[in-house]
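Okay, structure first, notes after.
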Amino acid sequence: MRLHDRLLLLPLFQGMTRNDIETVVAHTRLGFSKCGKGKVIIEDGEPCDHLRFLLQGECVATSVADDGSYSIGEIITSPEVIQSECLFGLHQRYTRTLTATTECSIVSINKNDVMRLMSEFDIFRLNLLNIMSTRTQRLSRHPWRKLPETIRQKIFRFIEMRCTKPAGHKMLKIKMEVLAEHIGESRLNVSRCLNELENEGVLTHSRAIMNIPALERLID
């Protein structure tokens, strides 16, 4: 697939005409890079001075708790904008580590060029604002949602609140007692619930590692 066609698949460029895309490619300094399987694309805490796109491939985005007691990884597939909200604001650093699970192609645009594109193309500016606004609105609704009642619901909420999307493949590294403490349940009850979920085929767990192929299946 040609670069122009791939860019049109990205959320920030959707709605732009082919002529607009050709103008962007011709007058914007696009950085291209490839990462092999297992290579780190972005480190947690790395300065965010470029807007980066996963143009091709698949990677895992990993977040770690402040005290290091657990981490959550979620699979990101192309095409995808990588943490665009980190480009502006108080803390302009990435908050997740991205590691390639397949060979990945990355395109980056420096911040000055992003601001120029925002001023020149209304659709680019609106797409970026929509992405950021949607994430902000989703986060602002979290405190107002009904509290989960069952252990299954509590586990789902614990994972979902720490991910960028409430669906898809997630990997949780956490000790049973730490998870139990966070959701306010006994370790024994959490263990029983996880065994039931494993019997349903919703997840697998062993040695403080929980693998969830599709988080949405946890919703009961």
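The values are calculated or read from the model by the stated rules, or taken from the named source; none is laboratory data. Bear in mind that the values here come from a model prediction, so they are computed numbers and not experimental data. Ideal geometry is used to build each Cβ from the backbone, glycine not excepted, and the neighbour counts take in all protein chains shown. Only protein heavy atoms, including side chains, enter the accessible area calculation; ligands, DNA and RNA are left aside. Shrake-Rupley method; radii C 1.70, N 1.55, O 1.52, S 1.80 Å.
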Keeping the other protein chains in place, figure out the carbon and sulfur percent of the accessible area of the chain, with a 1.4 Å probe. 53
Using θ = phi - 60° and the Karplus relation 6.51 cos²θ - 1.76 cosθ + 1.60, list the HN-Hα couplings for the range 5-14 in order, rounded to whole Hz, with x at every Gly or Pro. 5, 5, 4, 5, 7, 6, x, 6, 9, 5
Based on the Cβ-Cβ distance from residue 39 to residue 165, what FRET efficiency comes out when R0 is 22 Å, to the nearest 0.05? 0.40
With x for Gly and Pro, the residue-by-residue ³J(HN,Hα) of the range 115-120, computed from phi through the Karplus equation 6.51 cos²θ - 1.76 cosθ + 1.60 at θ = phi - 60° and given in whole Hz, is 5, 5, 4, 5, 7, 8
Phi to ³J(HN,Hα) by Karplus 6.51 cos²θ - 1.76 cosθ + 1.60 over the range 15-32, Hz, x for Gly, Pro: x, 7, 7, 5, 5, 4, 5, 5, 5, 4, 5, 6, 10, 10, 7, 9, x, 10
Label of the coordinate-derived value, log10 I(q)/I(0) by the Debye sum over Cα atoms at q = 0.09, 0.10, 0.18 Å⁻¹, listed as (i) -0.31, -0.39, -1.45; (ii) -0.43, -0.52, -1.32; (iii) -0.36, -0.45, -1.58: (ii)
Please report how far the C-alpha centroid of the range 4-77 lies from that of the range 141-196, rounded to the nearest whole angstrom. 28
What whole-number value in Å² describes the accessible area per residue of the chain for a 1.4 Å probe? 55
Amide H to amide H, which residues 5 or more places from residue 76 or on other chains are under 5 Å from it, using H placed in the peptide plane? 59, 60, 61
Taking the Cα centre of the range 21-140 as origin, work out the dipole magnitude from +1 charges on Lys and Arg Cβ and -1 charges on Asp and Glu Cβ, in debye rounded to 20. 160
Taking R0 as 30 Å, what's the FRET efficiency between residue 115 and residue 69 from their Cβ-Cβ distance, rounded to 0.05? 0.20
Choose one of 69, 54, 107: the residue whose Cα lies farthest towards the positive end of the charge dipole of the range 42-114 (beta-carbon charges +1 Lys, Arg; -1 Asp, Glu; about the Cα centre). 107
Mind scanning 39/165; 39/173; 34/111; 34/154; 111/170; 37/154 and naming the pairs with a C-alpha gap bigger than 27 Å? 34/154; 111/170; 37/154
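By per-residue mean of other Cβ atoms within 10 Å, what is the highest-first order of 125-138, 61-74?
Packing proxy ranking, top to bottom: 61-74, 125-138.
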Size of electric dipole in the chain: Cβ of Lys, Arg +1 and of Asp, Glu -1, about Cα centre, debye, nearest 20: 60
